Amino acid sequence: MENRFFEVLLHAALELRGPTGIAPELGVSSRTVLHTSTTPAVSVLSDSELDQLVASTLEIFPQFGRRMIRGHLKSQGYRVPRERITASYLRVHGAPAIFGDRQISRKKYSVPGPLSLAHLDGQHGLIRYKMVIHCIIDGYSRFVLGIRVHDNNRGASVLQLLLDVISTHGRPSRMRGDHGVENIEVTIYMEEVNGTGRGSFIWGKVMSVHNTRIERLWYDVTHGFGKKWKTFFLDLEANHGLNPTRPGHIWLLHHLLSLIASISLFLSSVNRDAQDWAEAWNSHQLTIRRKRERSPRDMFLFGMLREGPRGISSFLRPEEEGIEDINEYGIDWEVGNEPDLLAHLLENNPHEHVVSNDPFASASTPANLSEVLCDPPNCPFTPAQLQLLDQHLSDSVDLFSRNMNVRRQVWVRALEIAGGIQRREIR
């Protein structure tokens, strides 16, 4: 198992940096690596083909800049030089108002390596439509370990996301989260498998602004795809009959369409955007002060090689690291000086504006837990009516298009058909 793990690790390392980049990590010359390995060639694409790829990326993620576009294409298997991405972006999108990506400037964040500390949080920007985005990221590398859009805010859903992360990437040594009730099951699991009294789960302050590694990420999630969907749903409310206070309308947004596979009218579409965004994020180059540009995937993988793999198995687990103050482990206090991030946090998680009045509350054992309820409505149709709805929709609209104008037509038609079935005008 150990040999297989390092074989997979080295194969991925070659794809990220090539022989020259990984030679120093292995302590050999690049020629030695070159003679024993191969790296993918640069993709052969005409300008027209590249422009089509960039245009389709911007259609799905209209807020993407050149780095995220390149990361998205890389996650899709395309290796395109940065200069060609820039030229194509200018042809397709035009010159940006400020030519350059936002640099990330952070106070020093110190954890020993990948999976030393993972950050868990939920974002409620779409909760009006009974959708909650849960995410787990690696604190060391900012690598998105898992992200999922749920139709609920239950502990079982959050725990399942963690278990899926563990099966793919390994188990974090510690996790940090806020005081949400939905984190209780994760806390119990982490303390059962990693031990108690060591901070296996660190309850953050009342406001998850102190869970800043992931709060910073939410800003990019919103601009990557969350804002697009919120604008879309608000447009459906204003102009196309959506009433989010009616359970039937929310059910229709979440409706399972296909009789063969579970394909939700919009929930799975938001989830698909979330997964594609995460792949692009993990593959894009981060600009970090006084360091070389690296992608989160690069930092996660090479951190494993350099600092030792955590969470893979018992015989690969590094020694326990000494932590002076577990309650402040993994906090970036500089976020308090960034009003845009604070405003974004309170806009998408308004319940966190409530601060505890207990001056003696402990961060490790919270006296009060916050609960944000989000439960999906029940299906208003009989099985026969549901089959009728599915059939009429599949016959009249394109259910698989990612174009937002087409999706708007899907909603309008679905609302018409659902109303006709309820009034028994469609049988």
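Since every read-out is calculated from the coordinates, none of them should be taken as a lab result. All values reported here derive from a predicted model rather than from experimental measurement. When we count neighbours, we look across all protein chains shown, and the Cβ atoms used for this are built from the backbone with ideal geometry, even at glycine.
Observations on the structure shown:
- In terms of other Cβ atoms within 10 Å, PHE381, PHE61 run from fewest to most in the order PHE381, PHE61.
- Placing +1 on each Lys and Arg Cβ and -1 on each Asp and Glu Cβ, with no other charges, gives the range 365-427 a dipole about its Cα centre of roughly 220 debye.
- Counted by neighbouring Cβ atoms within 10 Å, the residues TYR89, TYR219 run from fewest to most as TYR219, TYR89.
- Applied to the range 378-390, the Karplus parametrisation 6.51 cos²θ - 1.76 cosθ + 1.60 on θ = phi - 60° returns per-residue 3J(HN,Hα) values of 7, 5, x, 10, 6, x, 5, 5, 5, 5, 5, 4, 4 Hz, with x for Gly and Pro.
- The shape of the range 47-92 comes out rounded: with a ≥ b ≥ c from the C-alpha gyration tensor, a/c is under 1.5.
- Cα-based shape type of the range 127-248, given that a ≥ b ≥ c are square roots of the gyration tensor eigenvalues and the cut on a/c is 1.5: prolate
- When SER75, SER110 are arranged by Cβ crowding within 10 Å, least crowded first, meaning fewest neighbours, the order is SER110, SER75.
- Altogether, the Stokes-Einstein calculation at 20 °C and 1.002 mPa s, with the Kirkwood radius of the range 113-194 over Cα pairs as Rh, returns a diffusion coefficient of 169 µm²/s.
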